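Just so it is clear, none of the values below were taken in a lab; they were calculated from the coordinates. Model, not experiment: these values are computed from the prediction. A quick note on method: Cβ atoms are made from the backbone with ideal geometry, for glycine too, and the neighbour counts reach across all protein chains shown.
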Amino acid sequence: MPNKISRRDWLKLIGGSAAGLILTPIPWKLLDESAKWTQNWSWTPPKGRISYKYTACTQCPMGCGVRVRCVEDRPVGLSGIAGDPVGAGSLCTMGIAGHLLRYHPSRLLHPLRRVGDGTDTRLMPITAEDAASDIARAISSEDRGSVAIIDMQPRRTLSYVYRRFLALVEQGVYINPPLTSGVPAGLTDSVLYCRGTEFGFDVENARTILSFGTSVLDGWGTPGQFKAIAEARTRSGDARLRIIQVESVHSRTAQLADEWIPVKPGTEGALALGLSHVLLAEGLCDTSKLCEHSADFDDGSGRSFTQLAKRFSPAYVTAKTATPAEKIVGIARQLATNKPSMVVFGGNPAGGPFNLEEQILFMDLNILLGAVGTKGGLVPRGELPGPFERNDRLVDETQLADVPDHSIKVLMTDGADSGEAIPWTLIRRKLVTNNPIVISFASHLAGAARHADYLLPSPGYMETTGDLPSPASASSASYRITRQLDTPPRQFVEPIEFLKRAAAMIAAHPDPDFQSMTMEGLIKKRIDRIFSRHRGFVFDPESRETKKLFELPHSSLRDVMERGGCWTDERTRSMPPTQFSFLGPDSAAFDRIASAAERDDGTATLTLVPIGTRGAGTIAQENTIMTKLYRESDLMKTGNTVSVNPVTGKERGLTDGAVAVVTTESGSARVTVRFDASGMPGVLEASVGPTPGSFDRVEHRNDETILQICKIERNSTWRLTSAEIFPA
Amino acid sequence: MITETEDTTTTPGGRLGKRMFFAGAAGTLLLGWIVFPYLIFRSVDQPFQFSHKTHTGDNIGLDCVDCHTYDKNGRFIGIPATKVCRPCHSQPVGIPDEDIRLVTDYVNTGKEIPWVVYSRQPENVYFSHAAHVRLAGLKCQSCHFGHAYTSNLRPARFSRISGYSLDIFGKTLFNAPSTPSRGMCMDDCASCHRAKGVKESCIECHK
């Protein structure tokens, strides 16, 4: 009996074993190794051959060079390319994680069509063929209205394909979106009489930059330009670049600038005129030359620019802008003496550009300073050839602001990202009221795609061959090709193929030239045209060398470009315009400009100012890096967060972190309030950006973002909106 | 009526139970600490023995960079190609059997030697020799310790479950087998970065 092993003894043996097991590495090591084993499943990046390829980032129009680390030809990591003429070896937080966006939950995998009415709609699968048939029928219908394509990254080869397609349909309209980088074409046409000439900013050689609301130190321009700015700010003595930021918001650029001028919202035009007043009054510009080259500078009529500027004395401007008079005089003198100086005036990527009248006043400052067509100022860029001959039928470019309201019956929105937010309400205003159709080529259900009737997912980043023309702010033209490095979803829709299909359905005799086009063929033509100019430089990403174009044989140029190289043009010789207008060609401009500068809301309401960084409102911000900034650390404010001065907030019964409702004449939106003592009293700084949930789920909310309640002015701007805010 | 309670700990049956308990514990401890490490890791021998000590010693006096070099773009090549051995080993010069095999199977045929890499990092890890050696000025011994003076190459050990080398995973609870740090684990990288005041974020190494 004592030596017989009982059941209890066996249980004790098991108990002892269990106790011993816990004291051994077995359970912990098995757990550990099993966790690591799960990293090697079939859908994780495979082990295998590592290779490096080169392409360009397409998440915004800048087009930074990208070095792609591939495992078995599958992109797994991105970095910049040292020496890249555009990116200068950098990638932003959007660029560095762009290859992961294909895994975002809102990625569209096949064509969809919206069914239902009002708020009760859902998305149903549809074939590309059926979608093309529906759209062709809509285009051919007798309904009143134009057929339009809004192109988020103009001047690509695909952009020319859009214009070619629209030339084949009746009332085709090709639309450029409002952008805050670059010099608007309307301005160069009307003020500088340089129709068709693009201007960039020669920041590399400037000594003073006066920025009106442009995020010069936080995402504006190319990384190469930012690097040049950063280096210029470290120069010693008088050679050091100074940046003066005029903005009603204490933005990151305002924080980092040499001087921040906090003006009342909407009074930037008045400040510009005040500065012009000082330059003229103190003889800090060559007025005789200006009279010679401009008909409306001082024509003695009482309605010339000098007459307008006379009204805006520093004391007068102080009352409008809250900027001290001596500060205005000081800045003007600084601009005049610390040359080359220039004025940049884009606005921030969420608030959109200034209105035309204000832009004219900013450009006038550049003219007074001699900053147009000269080193360190606004410089003309050489033309980048397109893929078509000059006599090919292409629809002209139209600005969104110039499209008549309620005129578009079929609207296609391009899939590229402009890097900037555009309120859907602005686009919707251009649509006919009776059953417009909106088609989106976006790769993700985000932004304008959420409002589309047809979703035709185009290939996303690195999933197709494309190209990138000159960045809008660059001082010389450039061109590069983007390569297909990854596989798009099986049911993707290549826009050019879709348009060919639609064109074949619309016309009884489809245009054979259009039907035979391919992106590869058109891009090759473009490279051929660049080669035929025998000018410029070519950067090879593999060797990191830059060679003169004329030193390369034709086949080498094509080879380098297809491997991710970049062509940049030579700098254009300084060439100041010979004629310009200070008020624009329109005889009523004087009154409009004066009115814009005199702007005085005079009410007790608050001013809602949308703010954001590059990529605002686009899917590009919803990546795994940005989640660290937006969601996990609160370093950047998520969408629908409103920063308000504590005094203003408390007056309205708000508390820091509380939920509130912002109301404008366009609607209301729920927001989260954050107190910020650096905020201007009376100003609601509303963040436009990803919502906390948008990083890992599909966001369906269409009409609750802050942009939807911004007032769209008659000139299609939305920078400032009168608003009120109440606790929710 | 008084009932006597049996003291089971002192009775033969109770003692047996205690012994069974401790036997179970001891057996599992033995299994966990002695047997398990050999079960969970498989050993992979190098294709043949190589003596770093012979090559770096006084007679030959090679330095690490003589074989483990950078290409013209500054990228670290790592394990040298067979052609690096050829100038000296066109004929057998070393340990007879090993060197004969080197010459006949690899040098003469031009085939690459399938060296087993001890510390190949997972695909989600990006490591740059150029950044550490050329920019930061670290010596090879900082991470590779005395490897340059070893007389032979130890077998590489890989987990049968995860497939990763024992050399690259750091201190876990009851790390088995308990090994001195080989300098290739994330913990080693992180502690060295911290010691040298290097700012770091996830993306520096996990691109």
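Worth pointing out:
- Percent breakdown of C-alpha pair distances by 5 Å bin, ordered from the shortest bin, for chain B: 1, 5, 10, 14, 14, 13, 11, 8, 5, 4, 3, 3, 3, 2, 2, 1, 1, 0, 0, 0
- Scaled against 2.2 N^0.38 Å for its residue count N, the alpha carbon radius of gyration of region A:438-489 is 1.42.
- Using θ = phi - 60° and Karplus 6.51 cos²θ - 1.76 cosθ + 1.60, couplings along region A:372-387 (whole Hz; Gly, Pro as x): 9, x, 10, 4, x, x, 7, 10, x, 9, x, 6, 8, x, x, x
- Tail weight of P(r) past 16 Å, computed on alpha-carbon pairs of region A:108-147, percent: 51 percent
- Cα-derived Rg to Rh of the protein assembly as shown, Kirkwood definition: 1.07
- Between B:R194, B:R120, B:R19, the Gaussian network model of chain B with springs among Cα atoms under 10 angstrom shows the greatest mean-square fluctuation at B:R19.
- Kirkwood estimate for region A:87-224, i.e. one over the average of 1/r between Cα atoms, Å: 19.7 Å
- Three-way shape call for region A:616-678 based on the alpha-carbon gyration tensor, with the a/c threshold at 1.5: oblate
- When only the Cβ of Lys, Arg, Asp and Glu is charged (+1, +1, -1, -1), the dipole of the protein assembly as shown relative to its Cα centre reaches about 2680 debye.
- Treating each Cα of region A:467-531 as one equal point scatterer and applying the Debye formula with no solvent, the log10 of I(q)/I(0) at q = 0.15, 0.20 Å⁻¹ comes out as -0.70, -0.98.
- Across region A:44-93 the C-alpha pair distances fall into 5 Å bins from zero in the proportions 5, 23, 27, 20, 14, 9, 2 percent.
- Residue exposure proxy: A:S694, B:S191, ordered by other Cβ atoms within 10 angstrom of their Cβ from fewest to most, comes out as B:S191, A:S694.
- Projecting the Cα positions of A:A319, A:N176, A:T433 onto the charge dipole of chain A (unit charges on Cβ atoms of Lys, Arg, Asp and Glu, taken about the Cα centre) puts A:N176 furthest along the positive direction.
- Rounded to the nearest 20 debye, dipole of region A:301-457 from Cβ charges on Lys, Arg, Asp, Glu: 680 debye
- Surrounding net charge for A:S51, when Lys and Arg each add one and Asp and Glu each subtract one, Cβ distance under 9 Å: +1
- Around the amide H of A:Y54, modelled in the peptide plane, lie the amide H atoms of A:V68, all under 5 Å away and 5 or more residues distant in sequence or on another chain.
- Taking a straight Cα-Cα cut-off under 18 Å and skipping sequence neighbours fewer than 8 places away in the same chain, the aspartates and glutamates within cross-link reach of A:K264 are A:E247, A:E326, A:E357, A:E358, A:E598, A:D600, A:D601, A:D676, A:E685, A:E724.
- Kirkwood-type radius of region A:533-656, with distances r between different C-alpha atoms, in Å: 21.5 Å
- Electrostatic tally near A:R303: other residues with Cβ closer than 14 Å to its Cβ, Lys and Arg +1, Asp and Glu -1, net -2.
- With distances taken between every two different alpha-carbon atoms, region A:294-386 has a Kirkwood hydrodynamic radius of 15.4 Å.
- For region A:437-451, 3J(HN,Hα) per residue [Karplus equation, 6.51 cos²θ - 1.76 cosθ + 1.60, θ = phi - 60°, Hz, x = Gly/Pro]: 10, 10, 10, 10, 9, 5, 8, 10, 7, 8, x, 5, 4, 5, 9
- In this structure, the residue pairs whose Cα-Cα separation is over 19 Å, taken from B:K139/B:K196; A:K409/A:K430; B:K53/B:K111; A:K12/B:K18; A:K53/A:K525; A:K227/B:K196, are B:K53/B:K111; A:K53/A:K525; A:K227/B:K196.
- Charge dipole (region B:7-135, unit charges on Cβ, about Cα centre) - positive-most of B:Q121, B:Y70, B:T82: B:Q121
- Degrees between helix A:157-168 axis and first principal axis of chain A (Cα, 0 to 90, nearest 10): 70 degrees
- Summing +1 for each Lys or Arg and -1 for each Asp or Glu among the other residues whose beta-carbon sits under 13 angstrom from that of A:P585 gives -1.
- Sorting the Cα pairs of region A:200-243 by distance into bins of 5 Å, from 0 upward, gives 5, 23, 37, 25, 8, 1 percent per bin.
- With at most 16 other Cβ atoms within 10 Å, longest stretch of chain B clear of loop GluC sites (Glu not before Pro) (DSSP): B:7-111
- Which of A:W28, A:W567, A:W10 has the fewest Cβ neighbours within 10 Å, and the rest in rising order: A:W10, A:W28, A:W567
- All aspartates and glutamates inside 18 Å of A:K375 as judged from Cα atoms, apart from same-chain residues fewer than 8 positions distant: A:E198, A:D202, A:E204, A:E231, A:D238, A:D286, A:D364, A:D569, A:E570
- On Cα atoms only, tilt of B:12-30 relative to the major axis of chain B in degrees: 10 degrees
- Taking each DSSP H run with n ≥ 4 as -39500 (n - 2.57) and averaging over every residue of chain A yields -8000 deg cm²/dmol at 222 nm.
- Counting DSSP beta bridges with both ends in the protein assembly as shown, the antiparallel % (nearest 5): 60 percent
- Fraction of the pair-distance distribution of region A:69-140 above 17 Å, Cα-Cα pairs, percent: 67 percent
- Near the amide H of B:Y70, within less than 5 Å, lie the amide hydrogens of B:I77, all on another chain or at least 5 residues away, with H placed in the peptide plane.
- Anchor A:K36: lysines whose Cα lies under 17 Å away (excluding residues fewer than 8 positions away in-chain): A:K47, B:K171
- Student exercise, region B:35-94 dipole from Lys, Arg, Asp, Glu Cβ charges, in Debye to nearest 20: 220 debye
- Counting beta carbons within 10 Å around each of A:Y52, A:Y461, A:Y160 and listing the fewest first gives the order A:Y52, A:Y160, A:Y461.
- In region A:344-456, a dipole from Cβ-located charges (positive for Lys and Arg, negative for Asp and Glu) runs towards its positive end, and of A:G346, A:Y454, A:P387 it is A:Y454 whose Cα lies farthest in that direction.
- Separation between Cα centres of region A:94-130 and region B:80-151, rounded to whole Å: 50 Å
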